[in-house]
1. Free of Cβ contacts under 8 Å to residues at least 40 places away in the same chain and either outside the structural domain of Leu43 (by TED's automatic domain parsing) or closer than 21 Å to Gly104 by Cα (or both): does that describe Asn205?
2. Could you give me the residue pairs with C-beta distances under 7 Å whose first residue belongs to region 133-154 and is surrounded by fewer than 17 Cβ atoms within 10 Å (Cβ to Cβ), whose second residue is in a loop (DSSP other than H, G, I, E, B) and among the basic types (Lys, Arg) wherever it lies, and which are 6+ apart or on separate chains?
3. Of everything in region 124-140, what is closer than 19 Å to Pro75 by Cα and either out of contact with any strand residue (DSSP E or B) (no Cβ under 8 Å at 6 or more places or on another chain) or not assigned by TED's automatic domain parsing to the domain that holds Ser182 (or both)? Give them in sequence order.
4. Can you tell me which of (1) over 15 Å from the mean Cα position of the chain (by Cα); (2) not in a loop (DSSP other than H, G, I, E, B) is the one Gly149 doesn't meet?
5. Which pairs have Cβ atoms under 9 Å, sit 6 or more apart or on different chains, and link a residue in region 300-321 that is at positive phi and in the same structural domain as Ile259 (by TED's automatic domain parsing) to one that is of a type outside the set (D, E, K, R) and surrounded by 15 or more Cβ atoms within 10 Å (Cβ to Cβ)?
6. Gly69 is checked against (1) buried (at least 21 other Cβ atoms within 10 Å of the Cβ); (2) within 24 Å of Asn218 (Cβ to Cβ) and fails just one. What number does that condition carry?
7. Among the residues in region 48-56, are any modelled with pLDDT under 90, crowded, with 19+ Cβ neighbours inside 10 Å and charged (D, E, K, R)?
Amino acid sequence: MASLKTIRRLLIAAVLAVPVALLPTAQAHAGVFISVGFAPPVLPVYAQPLCPGDGYIWTPGYWAYNEDGGYYWVPGVWVQPPTVGYLWTPAYWGWENGAYLFHGGYWGAHVGFYGGINYGFGYGGVGFEGGYWNHGAFFYNRSVANLGGVHVTNVYVRNVTIVNHSNVAFNGGHGGIEARPSAQEAQFAHEQHVEATHEQAEHQNFAAQNRSQFASVNHGRPGVSAAATPASFHANPTNPAAAARPSVNAREANQEQRISNGVRSGQISSGQAAHAEQRQANIGQQVHNDRAANGGKLTPQEHQQVNHEQNAASRQIRDDKKK
C-alpha cells in the first residue's frame, strides 16, 4: 500500500498538472497545494509590529505546508504592494473533496474571499478594514494599524467588524469556519489579480528553511510570528523582538520610492528630489559609520536617532508634494 507521503505527493502533482486556465481565478494566480488528512494548527496570537512608513500594507501570517516538514508558519509582515491601489487578499486553507486545499494570497483592486478566517488587524473574516486607497494615497485605520510614532500622512479611526472570534485557520470540514463567498466576493474573484511579489515569495521560502517555524517543532508557537518586514525577519530569524523592529534599510527604501513617485507624478521638482536624495544619502552614511563603529550593528539609541531623522525626512517629502 502506498505511504501517506506518497499519496500526498501524487495529489499535489495531480493538482499542479491541471492547466491554469481551468482553475478559479484566485487559484490560477496563486497556486493550490494539498495537505491530506489533517488540518493546519490554530492561528497563533501575536502583536502587530510597527508600520515602517507610508505605503506599506499589512499582510497577515499564515500556515504554509512543506512536504518534508509539514505545516510551518510564515510570519505576518508589512510589505509594499506591486502597484498603487492594490490590496492583499490573504491565503487560506479550505476543506474540499476530502482534502485541505491551500488557496494562495493575491493582490487586486478589492479584497476577495479568504475563507472567513479572522487574521486580525483589519482582516476580520470579510474584506479589509485596516485602510483604503484614495487618489493614490493609502489611508491607515489607527484602530487596527500599529503606527506608533512613525509618521504617516493619512490616518483615520474607525472601529472594525469581526465576523468570527475564532482562531481556527481553515474553512469548511470538521471544526472549520463555515463561510462561503458572498456575491460581491465571487465577483471580485474574476477581477485582474497579481500573485504574491518576489519579496513575499522569498519570505515564504525563508520561513520554510527555519525549523523553529514548523508546527512539528514549535507545537503551534512559531519562533517568529510577525516581523516588521521580510528583511527584518531574514536578519533576525530566531529573535522575535528584533524582527518586529522596522529595518533601517526598509525605511530608506520607502523614502526613495516616495521621492521617485513624487517626481513621476510631477508633485516633486528635480531640485526638491535632489535635496531629498542628499538627505537620504547623509542618513545612509550615518548608519554606515555607526555600524562600522559597533561591529556591524546599531545600538537602540542609534536606531531611535535614525528613525527620528527619517520621520523628519518623511515630513519634508510630504511638504514638498504640497508646494
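The values are calculated or read from the model by the stated rules, or taken from the named source; none is laboratory data. Note that the structure is predicted; figures quoted are calculated from it, not measured. Please note: Cβ atoms are built from the backbone with ideal geometry, for glycine as well, and neighbour counts cover all protein chains shown.
1. So Asn205 passes the test.
2. Qualifying pairs under 7 Å: Ser143/Arg158.
3. Gly124
4. (2) is the only condition that Gly149 fails.
5. Listed pairs, sorted by first residue: none to list.
6. Gly69 satisfies every listed condition except (1).
7. Yes, that holds for at least one residue.
So that you can scan it fast, the table gives a plain yes or no per residue for (1) assigned to a strand (DSSP E or B); (2) aromatic (Phe, Trp, Tyr); (3) buried (at least 21 other Cβ atoms within 10 Å of the Cβ):
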| site | (1), (2), (3) |
| --- | --- |
| Tyr65 | yes, yes, no |
| Gly85 | no, no, no |
| Trp88 | yes, yes, yes |
| Leu101 | yes, no, no |
| Gly112 | no, no, yes |
